[in-house]
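Notes for the one structure printed next.
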Amino acid sequence: MRQALVLAVALAAVVAVPWIAPIYHVLLMLPFMAYGVVLLGLNLLFGYTGLVSFGHALFIGLGAYTAAFLTGLFKVRALEVILLTAAVVAAVVAMPVAAFCVRYVKIYFGMLTLAFGMVFYTFLLKFYRLTGGDEGMPVARPFLLGRDLGDMPKIEYLAGPYYYYSLVVLIVAIAVMWRIVHSPFGLCLKTIRDNPAKAETLGISVPHYRWTAFVISAVYAGVGGALLATPTGNVDPTLAYWTHSGNLVFMTLLGGFASFFGPLVGAFVFIYLQDFVMSVVPYWRLVFGAILAALVIFAPGGLLGLFPRRRVIEAA
Amino acid sequence: MILQAENVTKYYGEFRALHDVTLGVSAGEFVSIIGPNGAGKSTLLNLLTGLARPSSGTVRFKDRDITGIGPVKLAKLGMARSFQLVQIFPDLTVRETLQAAVAARLRRGRRIFASLRGDRDIRDGAEEVAALFGLDAKRRALARELPQGDKKLLDVASAFALRPEIILLDEPTSGVSTADKTRIMEILVRAAKTIGLQAIIQVEHDMDIVFGFSDRIVALHQGAVLADATPREVQADQRLVDMVVGRRRGASA
Amino acid sequence: MSALVSILMGGVFHASILFLVAAGLQVVFGVQKVFNLACGSFYALGAYFGVSAVQWYVAAGGPPAFFIVPLIAAGALIGVTGVIVERGLLSFVYERDETFQLLLTFAVVLMMEDAIRLTWGTAPVSTSGLYLVYGQARLAGAAVPVYNLIVIAASLVIALGIGWLLTRTAFGRIIRATADNREMAEALGVDMRRVYAKVFTLGTALGTLGGALVIPATAAMSEMGVELIVEAFAVVVIGGLGSMRGAFVGALVVGILRAVAISVYPELEMLIIYLIVITVLVFRPRGLFGGAAA
């Protein structure tokens, strides 16, 4: 009950933001929503399966460059098509990558994902004829639901139609992920997180489940990356850099990986705090590094972990 | 004959852990494997569950060679196993643990978009096993918060939730109090009848448990079968008892 | 021929720097089981501190030919930051899952990058052309800066020194015992806190020394840390986590391959290294010199 109430209030607030908040804050919500989608996926792997990826920026990069290629090179402007293509591209790349990575756990899994991420980063950087190198590529303004909103001033476009479009994508992403983690599949992932050897004796084929979770998380990262590209207007290789992957894990930990909504809280706090700190001093990394260190040492459960958690009462 | 080991020998390097062991288990049997430390009990259990590969000889389950088959396929074939050290999912509740096992048995673990809560088969299956093992009052407790005896029960219960045809237990009562031991064994035997389990094989040190519950005892000594007899016959042979459990009867190792 | 030699020597020079940083990573991972993402940051710190030390030295009128003395001293000295990071941060999370240890070192990466910007500014700093005081040597027709040869030699000496430390001293025995079996070492009365503090400081000092030694040949930039960590990472993966011999061979592989790739087909520069990393991880997950695969 209480959770439903908090959710309803949060949703109402997010819907109302473009009407009540200054335009600057409205625009900050866009990366929040895009990262929200990414982190929902990442946490399926981190919080639910127990695998920490240090390479998920790879899939953000894939999604974002898909948007750039489609709107630029291929003149495909429909956002629906872009998001769908980003999802498919991310899934197609993730399938073989996941097949390699899920054979390992812990530090080796983290290193292998990092290596794959850096392969893509280097590719983006070095094959500049195709990708624009470190300059990156522009992303043209996509059509929303088949409507070309090219005449609208950019700010108005982003703070209005694009804002609500992102919100709908985020809500759909939340609903689908909620379904996934509350399915028999989601339960099996949790057994693997807690005790893979025991899961196997129950007949749960651990690599298959890890693979599936990895591919789903990559699809989420791809869609989130495509969503992120439009407000930025330009994509560049740093999207796929390993520190970006590290920041994703940071955001998840910040909100709390043990809870479903933790990563969303993490993304929100990270983006607003980063913006605030950067407006005061240019050294946001120093402050954020200290915050991360404090989190790891004192509050590994993240912000949501700070509240005494009531046991979720399930229907008997 | 549901499970059959024929002339299995197992070397670890130069060391011969098992020598020419032949052992068959039929439907309806409760077999205890006993022997002093290093007699090869765990090795035999590992061979019987296809976890280790015999240096020579074969292990067949339902007329199928299960050498090196791996735990996942073994569970699907209908053989369950528990380990000496209690294996639980610390952050799952009792109910979730049993639901996971039932979902795996029903081959529904790969249903990504189905509702777990709406799946009556999984829910009922888990409730049934929880009731059988007296865990229904604790079904919302996290596994890591259970007392040791209940952890052990949950571990075995999740294996039973697979509704196997045969179950192999490595010291099902190790590390729990004497009072809990008998309780666990009684629950186990009753549950076995209810779910229609065909055979139980256990490795056990506690001779009261062994004599009190098994139909048949296989005594191992230095990697070979020393005796394969009924509890009555074993009990009558004082020299044999001394050899496999040491001087004092009933002392747990 | 001369072109090949100069490519190879460039590769070996880079390899000797990489070896130092990777050796720091290895000794920490071997003993503490912490994969230190911040080893690149220590490298950057050593580089900046080295530049400052040399600038003070020159300003104080020290003879240019001996600038390598304050450089090495500065590199070794700034290694004490390792104690602060170990005692102040890492020591709190040894009992936790390694994910948290990894994230803590990532926090150090973030902090260090800005701490360097805060101290030395955002513009690259360098020791200018100071390293040319040693002139150039001719090797099979190729001109190789003598300074590079000094660094290669220094790195070899340090490699031998580490080998001696690990195999011939009491401290080395303790380190190896701890790496093999921590509980056993603790039971034998080894004070883990002191061992960890010393080992982490040693690891840090190797990184800062690497940074200090590279600096006369290039300029210090605040991103150099996060860029080097991925190369050092490649080195230890290829060589095998925790293995010193692995760090040595891995550094040579990465250093030389990178040099060859840059001159033959620049687009492939790091790509080829990551592809090797992935190949190694897939076929020999413990690396070329690691123990048996899990």
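Worth pointing out:
- A 1.4 Å probe run over the protein chains yields, for region C:2-225, 40 Å² of accessible area per residue, whole-number rounding.
- Highest mean packing first, where packing is the average number of other Cβ atoms within 10 Å per residue, the peptides A:279-290, C:96-107 line up as C:96-107, A:279-290.
- Prolate/oblate/rounded label for region C:132-180 (Cα gyration tensor, a/c 1.5): prolate
- Estimated Rh, region C:107-195: Kirkwood, alpha-carbon pairs, angstrom: 17.7 Å
- Heavy-atom accessible area order for C:Thr204, A:Thr238, C:Thr122, largest first, 1.4 Å probe: C:Thr122, A:Thr238, C:Thr204
- Across region C:2-225, the fraction of Cα-Cα pairs farther apart than 32 Å, rounded to a whole number, is 23%.
- Net charge of Cβ neighbours under 11 Å - reference C:Met221; Lys, Arg +1; Asp, Glu -1: -2
- Look at where the Cα atoms of region C:218-236 and of region B:191-209 average out, and the two centres are 60 Å apart.
- Reach of C:Lys198 by Cα under 13 Å, taken over aspartates and glutamates that are not fewer than 8 positions away in the same chain: C:Glu86
- Value of [θ]222 nm, deg cm²/dmol, for the protein assembly as shown, DSSP H segments ≥ 4, -39500 (n - 2.57) each, nearest 500: -20000 deg cm²/dmol
- Heavy-atom accessible surface that B and A bury in contact, both chains counted, 1.4 Å, Å² to 100: 3100 Å²
- Gyration tensor (alpha-carbon) shape descriptor, region A:153-302, a/c threshold 1.5: oblate
- Hits among aspartates and glutamates - C-alpha to C-alpha of B:Lys62 under 12 Å, sequence gap 8 or more where chains match: B:Glu165
- Axial C-alpha extent at least 20 Å, average Kyte-Doolittle at least -1.0 - helices from chain B (DSSP): B:178-195
- Computed on chain B, with alpha-carbon pairs under 8 angstrom and 6+ residues apart, the relative contact order is 26 percent.
- Straight-line reach from B:Lys10: taking Cα to Cα under 19 Å and skipping same-chain neighbours fewer than 8 places apart, the lysines in range are B:Lys41.
- Calculated FRET efficiency for the pair B:Arg183/C:Val69, C-beta based, R₀ 51 Å, to 0.05: 0.10
- Local net charge near A:Val296, Cβ-Cβ under 11 Å (Lys/Arg +1, Asp/Glu -1): 0
- Taking every C-alpha pair closer than 8 Å and separated by at least 6 residues, the mean separation divided by the residue count of chain C gives a relative contact order of 38 percent.
- Links that overshoot a 25 Å alpha carbon limit, given the list B:Lys151/C:Lys33; A:Lys106/A:Lys190; B:Lys76/B:Lys152; A:Lys198/B:Lys181: B:Lys151/C:Lys33
- Radius 11 Å from Cβ of A:Tyr283, net charge of other residues (Lys, Arg +1; Asp, Glu -1): 0
- Cα-based shape type of the protein assembly as shown, given that a ≥ b ≥ c are square roots of the gyration tensor eigenvalues and the cut on a/c is 1.5: oblate
The values are calculated or read from the model by the stated rules, or taken from the named source; none is laboratory data. Owing to the predicted nature of the structure, the values given are computational and were not obtained by experimental measurement. Every residue, glycine among them, receives a Cβ derived from its backbone with ideal geometry; neighbour counts consider all protein chains shown. Accessible surface is based on the protein model in full, side chains and every heavy atom, while ligands, DNA and RNA are left aside. Shrake-Rupley method; radii C 1.70, N 1.55, O 1.52, S 1.80 Å.
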